[in-house]
Structure formats: C-alpha cells, structure tokens
C-alpha cells in the first residue's frame, strides 16, 4: 500500500508537469499577448516602445527560457507578478480561493446530500409515480444550463422578494453568508445533484438484485437497513467517481455562475486574466486547478479502497 | 433429548399458492402445495429447475419478490402462528430468528463490503438484546460451531478472503445464530466442489440434530436426499406429485416422474443392484407454467400416459400407507413393483 501511494504521488507529479507544459504552450499559441492588447487599444504606437515593454515582461525570450523561468519561480513559491495589476500573482489568487472553495464545497455537498438519498428512494420505488417524478426532475437538472438556472433564480428572487442576493465579502450574519453562497451553489449543484441521483439510482437497482440483499432480508433486517446499510454501501462506488469528476468539472461550471451572481472567485478571475493574456495569473491558476483535480482523483481512489475491501492496491 | 415423545410439528404449510404476474401471463409457481416439518426432522423437496421448490421456500420466508410474485392462498403455520397473516414488522422478527435460510450461491450471498463477523453479529443483534461485544463473541462461537478454523481471525475477514466452502459454513453460522426452529437450505451444496459438498451436508445434518432444528432441504440430487432426509416431497410444475418416507420412495417410487428422476441419477444407480443399467433421461422439458395442459402436467413427457392423463389432473391419493402420489396409474405402479 505504501509503495502504491509513493508511486501514485510520483505519477501525480508527472501529470502536473505535463499539464504545465501544455498550458504554457497553449497560452502562447493563442494569438496576441498583453502588449499587443494594450497597444491595440492605444492606436498607433512606436514599435520600439512595444519591444521595450516586451523585454521588460520577458516576453521576447525563447519559450523554453520563459518556461524554465516560470517553473523555477513556482518551485520556489514565486508566482511572478500580474501583468494587469502589477501585484504579486499569489496575492491576487490566494484571497479568491476560499470564495470559490466555499461555493464548490457547498455545491458538492448539495449534490451529494440531495442526489444520493433521492437516487436510493427512486431505485427502491422503481416504476412508481415518485420514481417517474424524480427522474423527470433529474432530467431537467441535466438539461438546464447552470447560468440559465442562475438567472431564473435571480429573476424569481427579484419578483418575489424585490431583492436578490448580492455578494458581500464580509457577511454580517451566518444567514447572510449562507444565502450568498447557497443560492449560487444550488444553481450550479442542481446539475450535479441530478447526475448523482441518476448514477445512484442505476447503481442501486443493480445492487438490489444481488443475492446478498436477499440474505439481508432473510436475516430479518428492516427495509431501511437493507437499502442503506447493505445496498448503498455497495452501490456508492460509481457515485463517488461521479462526484469526483463533478468536483473537477465544477470549476468550469463556476465560471458562468460566478459571473451571473457577481462573485469574485477564481473562476471568473481566470476568464478575465485570460482576456488580458495575463500569463502569470492564468498559468498559475490553471496549475492550481490541476492540482485540485489530481488530488481529488487520488482521494477518490483511496475512498474506493476504504469502502470496498476487495480493492487493494497491489505493491 | 427425549427420543420417545412424539415430535411436535414446527411448520405446517397448507394449500400454498404463489403466482407470478408476468408479461406472458399469470403462472402458478406453487399450486396448492401442502407439507409439514416436525422438530428435528428433515424434509427434502425434490424436482427439476423451475418446478417451484425455491419459490415454495421463499413463500415460507415471505421473500417472494412482489411484484411480480404474490402468495394468493393457503397458510404457513410456524409454531402455531400463521405467517401469512403477520404484518411486515412481525414477519421481520421471525425471519432469521425462528426461520432461517441458506442459499445456493455462497459466493454471492454474503455482503462483499461487510466483515463476516459483522454479518453474523447483525443477525444476532436484530433478534437478541446484546451488546455488540457479546454479539461478536456469539458470532465467533458460531464460526467455531461450523468448524471454521481460527474463527477469531476469520470473523475479521471479508467474504472474498474465504473459499466457497468456508463461505457456506459462514452462511450456516449466520442462519443458525439465533437457533431457529426451522432451517431452509435451498440447494446448499450445488455450487460447491464435490469434495466439499459432503462435508457441508454432514455439517448441516449434524447441527440440525444437535440443535433440534426442523430442516427443509431443497435439492435436485436424489443422492443427497437418500443420505439426509426422513421424508421427501417431489414437485413438478408447481404441484406436489408425490410424498413419502425416504425408504418408501426409494423402494417403490409411484409417480413416473419420480421414477424418471431416479433413472437419471447415476448415484442412485450405483447404490442399487442393477449396476449395468443405462442412465436414462426424461424426454422433453418442464412445460411453460403460463400454458399448462388441462390434465397432468407431466403427461406429455410420460411414457405411461393414457388418455385420461391428458384430460384430467389426477388427485393426490394415499396409494400406500404414508405414501401419496398424484398419478392415475400409481396403483398399477405399486402392483407392478
């Protein structure tokens, strides 16, 4: 097991290295850099000034040197400076992480705590009216884009209460904090909840047919014990995979949601930085997201082994 | 053990009817079947796949999947209580406590993500007020009782770490943990290696006798029946076609289907005198239960069939003392033998 974890950690480093190369190259393949964008806006400018600025930012150097410069700094904890704000990239990124983390965490919590129980209920009552109703709701969850749902929620909120949740970086009460985050989290988590429900349902249907479920009933176990203690624990593995994938996918979903709800998280910041070709911000943010995804994957695999004793990672 | 006292009846099944509602129509998986089991007695239920043996067992446990199945008639009286009249909670208190069941597939009948000890502990704690520590000790004791070596260690293990035979032993331990009055073993050795089969069967019979449990042994193997049971019922297409003591059945099988089963069993031939006899098969297949003929369901496959067999279903008559058969020609069979 220990050897496996070491090997996994090594593979994670290789993956992150690969991602760093890809994002670095892709960014520079995209036409235009920050200097072009700035000077385009200004109209005609002396090419010498442009070259000066490029030299100042190090954009005139060969791409390999630029890459080594970035990675070298990253390994020392030096993320460089934002081209736009000229502040250290770390200072720009760090305060935004908790905001997005809260949002993503709540969205995942929402999707798991709604999706899993509803999936179990739907499977247990397969073919009933309740099952059909839940499946229709989940289908709508999969079909509604989260930004559209977000807009609907905002419009409904305005027409019903005459106001809408506005982001406040320092909420006064926990209730205010909850509304600020919960509403967008639900808008973005609805889709994940729907997906989680569907996976839970199909996985449960499969497990409920197993012989050991009949054994549990033959012991005299109650329906609740059969469904949750015996069946769900076996059925939850694919659900965990999906939640893991959703956790990574969420970042993409958050870009629109953060924009719609005007939340200053990392997802919206990433899009803005991309528009300005703010390389230090984009590179480091993408690396941060990559680390999150790789770590979530690792956690999912570890959870597999923790839940199913048949899965043991060989040394 | 008071051998002299008349053994009391543990289970009395009367006119049990279980039907399945399917897309191709309604079929009677168990049709008007009656039998009883006394304390410490072994009743074997014999028949081909699909004859209603397992559904009879599941009906007693009230575990027939509904839908599509439903028990539509009869009574199942266990120790004086009609199980078919109980509500779900009362039935749960009986399952695993007064009646237990061992299934055919030990490989898939244990929960793969729970330790063996926990699964037995659960069976105990569902029916006995015990701390988890006491229940665990009881689980280890049960594993020792079914002769699993190193029971303390095995209790900590998961099903996939045990062999098929060990898993079936664990199933037996779980089934007997609450000392049930009745144990139903549904083809308990079919999925096991031949070498293990005899061990498991001997274990079940030994424990049954020590604990005074009534046993219903469902099997298609007449060799197993000869070794273990006192009484036998033979089922065909959802109906009981013959019932007798083991001796009487093997001595004078009265239903042509029973004769066919015996002729197709190599083990029985080896036990009998005619060692040069050829194995014979029963021609044809079990009929579709949704479309049964009006007469005897076995008639189309029966070489003794007469016109009457195709038109009228024969009643279950006591052809010989304590030996019933549902065949128009059972009397002739008795005379001929």
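Laboratory data are not the source of any read-out in this text; all were calculated from the coordinates shown. Note that this is a predicted model, so its numbers are computed, not measured. Cβ coordinates were reconstructed from backbone atoms using ideal geometry, including for glycine residues, and neighbour counts include every protein chain displayed.
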Rounded to the nearest Å, the spacing of the alpha-carbon centers of segment B:313-327 and segment A:225-297 is 73 Å
If you build a Gaussian network model of chain A, linking Cα atoms that sit under 10 Å apart, which residue out of A:46, A:78, A:36 swings the most?
-> A:46
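In Å³ and rounded to a whole number, note down the convex hull volume per residue for the Cα atoms of segment A:119-276.
Details: hull volume 23.2 nm³, N = 158.
Taking only Cα atoms, segment A:119-276 has a hull volume of 147 Å³ per residue.
Relative contact order for chain B: what percent, with Cα pairs under 8 Å and sequence separation of 6 or more? Let's see the in-between values first.
On the way: 621 pairs, mean separation 66.0, N = 337.
The normalised contact order for chain B reaches 20 percent.
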Rg followed by Dmax, in Å, when segment A:76-164 is reduced to its Cα trace = 20.3, 61
Mean-position separation - Cα centroids, segment A:186-215 and segment A:1-36, in angstrom = 34 Å
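Let me confirm one metric for peptide A:220-229, namely the mean number of other chain beta-carbon atoms within 10 Å of its residues' beta-carbons. Mind showing how you got there, number by number?
Details: counts 17, 6, 4, 2, 0, 3, 0, 0, 0, 4.
Counting other chains' Cβ atoms within 10 Å and averaging over A:220-229 gives 4.
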Taking the Cα-to-Cβ direction at residue A:13 and at residue A:306 and moving 7 Å from each Cα, how far apart do the two end points lie in nm?
-> 2.5 nm
Run through the DSSP bridge list for the protein assembly as shown and note the antiparallel percent, rounded to the nearest 5.
-> 65 percent
Taking A:50, B:311, B:239 and counting other C-beta atoms within 10 Å, the order from fewest to most = B:311, A:50, B:239
Where a ≥ b ≥ c are the square roots of the eigenvalues of the C-alpha gyration tensor, would you call segment A:106-147 rounded, which needs a/c under 1.5, or, failing that, prolate if a/b is larger than b/c, or oblate?
-> oblate
Over chain A, one equal point on each Cα, no solvent: what is log10 I(q)/I(0) by the Debye formula at q = 0.07, 0.11, 0.13 Å⁻¹?
-> -0.39, -0.86, -1.07
Long-range alpha-carbon pairs in segment B:73-161, meaning those over 15 Å apart, account in percent for 66 percent
At 37 °C in a medium of viscosity 0.692 mPa s, segment A:200-315 has a Stokes-Einstein diffusion coefficient, with Rh taken as the Kirkwood radius over alpha carbon pairs, in µm² per second, of 190 µm²/s
Just order B:98-111, B:136-149 by mean Cβ neighbour count inside 10 Å, highest at the front, would you?
-> B:98-111, B:136-149
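One-quarter of the Cα convex hull surface for segment A:17-78, in nm²?
Details: hull surface 19.3 nm².
Averaged projected area of segment A:17-78's Cα convex hull equals 4.8 nm².
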Would you mind pulling out the separation of the Cα centroids of segment B:77-124 and segment A:92-163, in Å?
-> 39 Å
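Averaged over its residues, how many other protein chain Cβ atoms are within 10 Å of peptide B:111-119's Cβ atoms? Walk me through the numbers before you get to the answer.
On the way: counts 12, 7, 10, 7, 1, 0, 0, 1, 5.
That works out to 5 on average.
Can you tell me which of B:82-90, B:118-126, A:187-195, A:227-235 comes out highest on packing, and rank the rest after it, using the mean Cβ neighbours within 10 Å? Please list the in-between numbers first.
Values: B:82-90: 13.0, B:118-126: 23.8, A:187-195: 25.9, A:227-235: 20.8.
Result, highest mean Cβ count within 10 Å first: A:187-195, B:118-126, A:227-235, B:82-90.
Hey, any idea what the orientation-averaged projected area of the convex hull of segment B:22-122's Cα atoms comes to, in nm²? Could the numbers behind the result be given before it?
On the way: hull surface 34.3 nm².
Reported value for the Cα convex hull: 8.6 nm².
Take the alpha carbon atoms of the protein assembly as shown, find their radius of gyration, then divide it by 2.2 N^0.38 Å using N residues; give the quotient. Let's see the in-between values first.
Details: Rg = 35.3 Å, N = 652, 2.2 N^0.38 = 25.8 Å.
Ratio of Cα Rg to 2.2 N^0.38 Å: 1.37.
Based on the Kirkwood radius over alpha-carbon pairs, what value in µm²/s does the Stokes-Einstein equation return for the translational diffusion coefficient of segment A:132-177 at 10 °C and 1.306 mPa s?
The estimated diffusion coefficient comes to 124 µm²/s.
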Taking Cα atoms, the helix B:194-211 axis meets the longest principal axis of chain B at an angle in degrees (rounded to 10) of 80 degrees
Please give the helix A:2-29 orientation as an angle from the longest Cα principal axis of chain A, in degrees from 0 to 90, rounded to the nearest 10.
-> 50 degrees
State the three equivalent ellipsoid semi-axes of chain B, derived from the C-alpha gyration tensor as the square roots of 5 times its eigenvalues, in descending order and whole Å.
-> 36, 23, 19
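Given Cα pairs under 8 Å that are at least 6 residues apart, what percent is the relative contact order of chain A? Numbers along the way, then the final one.
Details: 317 pairs, mean separation 85.5, N = 315.
Once normalised by length, the contact order is 27 percent.
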